[in-house]
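First comes the structure, then the notes that go with it.
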Amino acid sequence: MTKRAPFIVIEGLDRSGKTTQIETIRQRIQNSGRDVVCIKFPDRATPIGQMIDSYLRSQSDLDDHVVHLLFSANRWELASTIISYLNQGKIVLCDRYAFSGIAFSVAKSLPTEVESPPSDLPPITLPWARAPDASLPAPDLTLFLDIAPQVARVRGGYGEERYEKEDLQRRVRSVFGEIGREMSGEDRKWVVVDAGLSLSAVSQEIWGYVEPLLDGLDSSVGRLW
Ligand code: T5A
Ligand code: NA
């Protein structure tokens, strides 16, 4: 039986360098003569993605539960495509995934220094946030690019979108830490990379995790929780 390709996800805070690193890995994989496709969530091109895009640019308002479900639906839109790429032997590099979905939505519901207006709806908890992404294709490797929010904010373009505020990013980082502690038990499928280092140091470390997977896997694509 031929092997299927690995599903590799890059996660991290805003401006941690995910897109920059995806491009570097893509080139290295291509240079090694293998097929690779890059995808990104949110995928702003679909009708659901357009609703998300408008929300992120603060051009529309949506309840936190609603936008959470849209982010998840946006992943389900691509789920069967991801599986078919992997089965065709195409390595999938994915910029953000369900972990971002959970981290941002739960972080928004955590208490803040500034009092937020009371809501009739319940806060978003980890189990609630996880549910809609259950059974999505599971990554074989998730690289979490960790960076202090005060370092990320001095990088280009910060502050343009809804979630790019240092206080929220700090809470997002703490939820990612919690997710990471749950995930990292499983065969190094979740690894933390110090994204505050130079571009080449970060890509060198990432390559060390990616390279062993390039020849493919015998197991079929897993499912999230
Ligand atoms: N979201 C997303 C949810 O709430 N729920 C979900 O389910 C999902 C999927 C948009 C927002 O949506 C939220 C999270 C986000 O707030 P996005 O479109 O991925 O998500 O937007 P960003 O995370 O902001 O993505 P960016 O593309 O802006 O950030 P990247 O990709 O992490 O960073 P990158 O590579 O563009 O680099 C940013 C800058 O830093 C420099 C780069 O040159 C660039 O200028 N840089 C470095 N500088 C110094 N040293 C390094 N090592 C550097 N690496 C990069
Ligand atoms: Na952003």
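The values are calculated or read from the model by the stated rules, or taken from the named source; none is laboratory data. Keep in mind that what you see is a predicted model, and the values were worked out from it rather than measured. All Cβ positions, glycine included, derive from the backbone under ideal geometry; neighbour counts span all protein chains shown. The protein model used for the area step is the full one, side chains on, heavy atoms only, and it has no ligands, DNA or RNA in it. Shrake-Rupley method; radii C 1.70, N 1.55, O 1.52, S 1.80 Å.
Remarks
- Relative contact order computed over the chain (Cα-Cα under 8 Å; 6+ residues apart), in percent: 35 percent
- Total lysine pairs in the chain at Cα distances under 25 Å, for residues eight or more apart or on different chains: 14.
- Farthest positive-ward along the chain dipole, Cα basis, beta-carbon charges - from Ser32, Gln88, Pro123: Ser32
- Assigned charges on the beta-carbon of Lys, Arg, Asp, Glu; segment 7-213 dipole about Cα centre (debye): 480 debye
- Charge sum, other residues only, whose C-beta stays under 12 Å from Ala73's C-beta, Lys/Arg counted +1 and Asp/Glu -1: -2
- Selected from Pro117, Pro47, Pro127 as most flexible by GNM, with the chain as the system and alpha-carbon contacts under 10 Å: Pro117
- Alpha-carbon centroids, segment 156-225 and segment 1-57: separation in whole Å: 12 Å
- Cβ crowding within 10 Å averaged over residues, with 205-212, 154-161, 136-143 ranked highest first: 136-143, 205-212, 154-161
- Residue of Ala73, Ala129, Ala103 that the Gaussian network model of the chain assigns the largest fluctuation, springs spanning Cα pairs under 10 Å: Ala73
- Amide H contacts for Val37 (H built 1.01 Å from N in the peptide plane; partners 5 or more residues away or on another chain; cut-off under 5 Å): Ile91, Val92, Leu93.
- One equal scatterer on each Cα of segment 7-213, no solvent, Debye formula: the resulting log10 I(q)/I(0) at q = 0.10, 0.12, 0.13 Å⁻¹ is -0.42, -0.62, -0.73.
- Helical content alone sets the calculated 222 nm signal of the chain at -14000 deg cm²/dmol, taking -39,500 (n - 2.57) per DSSP H segment of four or more residues and averaging over every residue.
- Whole-number accessible area per residue in Å² for the chain, which is evaluated in the context of all protein chains at 1.4 Å: 49 Å²
- Accessible area of the chain belonging to carbon and sulfur atoms, whole % at 1.4 Å probe: 52 percent
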